[in-house]
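Input: a single structure, listed below in structure tokens.
A short reminder: the numbers here are calculations on the coordinates, not readings from a lab. Quantities reported herein were computed from a predicted structural model and do not represent experimental measurements. Glycine also receives a Cβ, built like all others from the backbone with ideal geometry; neighbour counts cover every protein chain displayed.
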Amino acid sequence: MPHIKLSAPELKLIPLPESGQVFYWDSSDRGFGVKATPTGLFFVVQRRLKTNDGPGKTIRKVVGRHPEMRLEKARQLKTEIYAEIGKGIDPHARETEHIHTLEEVYAAYRQSRTLRASTLKLYDGAMTRCFDDWRNLPITEISKSMIEARHKEISNRNGKRGQGKAHADQAMRFIRGLFNYASDSFPYFENRRNPVQKLRWNGDNKRESHISEVDLPVWFDAVSKLRSQMIGDYFLICILTGLRRTEAATLKWSYIDFTKRLLTIPSDKTKNGRRHCLPITPLIIEILQRRKQAIKASKLQQISNDYVFPSNGSTGHLVESKASVTKVIEISGVKFMPHDLRRTFATAAQRLKIDKVSISKLLNHVSGDVTVRYLVTDPEDLRPAMEAISDYFNHKFNSKNFAKSVEFR
């Protein structure tokens with residue numbers, strides 16, 4: 001069994017086997033490691049059980065799944081479980097005495113992972129709207145037929161729990177995750193088939209929309225006519241950087257190095273927990289500089305925070321742009337959502353024949369290709385691609401230098 005010094009970067013480099021399982025033990029933390037399987041990585045604790053007659057059988061306990069559970073959280077739980085085993089307490093024996101209810105599985109699932117507030121809100125909503133009457137059911141009593149009936153009920157908008165097909169699939173992905181967690185965590189559930197496994201899904205309901213080439217000029221013209229310069233700049237930053245809408249809305253000046261012309265979002269502020277370093281082009285810099293000047297000249301100067309798109313609301317940053325989205329659609333006739341700007345960025349990169357690895361790096365996507373995970377890309381290697389994308393949008397917006405020529409009301 002290989003021994004390595006477990007760290008967040010090292011975890012990303014551990015390959016998944018095609019079959020079976022491989023254990024990697026931490027060389028600096030005895031009894032702590034990860035189990036690599038074809039379906040993912042799992043943090044584990046291992047120690048001999050203390051008995052009155054001396055060391056007993058070896059206990060191996062799964063703590064949680066990576067990357068849903070952060071390394072720091074796994075180490076914390078490892079310390080607690082390792083101490084219990086050292087006192088002669090078998091965590092598996094304790095668990096087999098009790099069959100967990102759906103509510104208890106969900107509570108344990110939440111404790112084992114570091115979840116964003118928005119994700120917790122989504123999961124809590126699914127429990128309340130879709131599975132509230134199952135909360136006190138032992139998880140082993142939830143059958144395949146119950147899952148199929150509930151999926152159909154949620155899919156029917158006219159039903160008691162009706163929310164539509166997309167919401168039904170989303171709810172089932174949530175509860176499927178709870179069953180997978182139970183299978184990985186509780187011995188009594190290890191050999192049970194996930195009742196969601198054979199579900200007939202409604203289909204792929206993911207949005208694939210983006211702003212087409214022919215619509216870019218009228219879309220930009222509508223953005224330039226918005227009453228709020230800040231919202232207009234926010235939309236432009238989204239489409240020119242490919243940032244997720246929340247990453248752009250919570251962008252801070254401290255993330256931007258104007259000397260090196262780099263934008264770096266910390267790992268705790270990205271969706272996948274990976275630091276995102278992106279070259280910024282002259283067009284992006286001009287928009288950011290315009291933001292600085294606008295803040296100094298407005299009442300927002302009184303807001304003492306570091307946000308590029310500040311607000312006097314409780315969060316301190318831009319949160320809602322629905323009214324402006326509606327206004328742009330009304331003026332231009334081009335339907336879009338903020339996340340469509342990220343897809344438009346990716347589509348432009350593809351149209352420019354930028355290689356897929358570079359596009360993945362620009363979007364800060366986690367690749368399933370083990371080889372790609374080993375590739376370390378210098379941000380400067382991505383600068384030609386970023387400049388090509390900026391030039392593409394500059395041309396499509398039909399202006400030699402749109403960042404200077406826009407006159408917001």
Exercise for review: Under 17 Å Cα to Cα from LYS327, which lysines show up? Leave out anything in the same chain fewer than 8 places away.
Suggested key: LYS225, LYS335
Study note, to complete from the structure: Eigenvalues of the alpha-carbon gyration tensor of the range 227-287, times 5 and square-rooted, give semi-axes in Å, largest first, of 18, 15, 9
Point to revise | Solvent-free Debye scattering, log10 I(q)/I(0), computed from the Cα coordinates of the chain at q = 0.08, 0.12 Å⁻¹ | key: -0.57, -1.12
Practice item. Divide the volume of the convex hull of the Cα atoms of the range 3-96 by its number of residues and quote the answer in cubic angstrom per residue. Key: 106
Review point. So what is the relative contact order for the range 213-405, in percent, with contacts set as C-alpha pairs under 8 Å and at least six apart?
Key: 30
Review point. Leaving out same-chain residues fewer than 8 places away, which lysines sit with a Cα under 21 Å from that of LYS296?
Key: LYS252, LYS404
Study note, to complete from the structure: Per DSSP, the loop-located chymotrypsin sites (Phe, Trp or Tyr not before Pro) within the range 229-265 having at most 10 other beta carbons within 10 Å are none
Check your understanding: What is the helix-to-structure angle for 282-296, meaning the angle in degrees between its Cα long axis and the longest Cα principal axis of the chain, kept from 0 to 90 and rounded to the nearest 10?
Key -> 90
Review point. On a 0 to 90 degree scale, rounded to 10, what angle separates helix 322-332 from the longest Cα axis of the chain?
Key: 40
**Study point:** CD proxy at 222 nm, helix term only [per DSSP H run n ≥ 4: -39500 (n - 2.57); per residue of the chain; nearest 500]
**Key:** -13500 deg cm²/dmol
Exercise for review: Choose one of TYR82, MET69, THR39: the residue whose Cα lies farthest towards the positive end of the charge dipole of the range 1-92 (beta-carbon charges +1 Lys, Arg; -1 Asp, Glu; about the Cα centre).
Suggested key: TYR82
Revision key, fill the gap. Here the averaged projected area of the range 213-405, based on the convex hull of its alpha-carbon atoms and given in nm², is 11.0
Point to revise | Amide H partners (placed H, <5 Å) of GLY64, local residues excluded | key: PHE43
Exercise for review: Could you work out, for the range 262-346, what percent of all Cα-Cα pairs fall into each 10 Å distance bin, beginning at 0 Å and stopping at the bin that holds the largest distance?
Suggested key: 13, 32, 45, 10
Practice item. Report the one residue of SER143, GLN111, GLN163 whose Cα lies farthest in the direction of the positive end of the charge dipole of the range 102-189 (charges on C-beta: Lys and Arg +1, Asp and Glu -1; origin at the Cα centre). Key: GLN163
Practice item. Give, as a single signed number, the net charge of other residues whose beta carbon lies under 11 Å from the beta carbon of ASP29, with Lys and Arg counted +1 and Asp and Glu -1. Key: +3
Exercise for review: Apply the Kirkwood formula to the range 58-172: the hydrodynamic radius equals the inverse of the mean of 1/r over all pairs of different alpha-carbon atoms; give it in Å with one decimal.
Suggested key: 16.3
Revision key, fill the gap. With LYS198 itself left out, Lys, Arg at +1 and Asp, Glu at -1 over residues whose Cβ is under 14 Å from its Cβ give +4
Study note, to complete from the structure: Taking the dipole of the chain about the Cα centre (Lys, Arg +1; Asp, Glu -1; charges at Cβ), the one of TYR181, ILE295, LEU216 that reaches farthest to the positive side is ILE295
Exercise for review: Compute the signed sum of charges (Lys and Arg +1, Asp and Glu -1) over the other residues within less than 14 Å, Cβ to Cβ, of LEU318.
Suggested key: +1
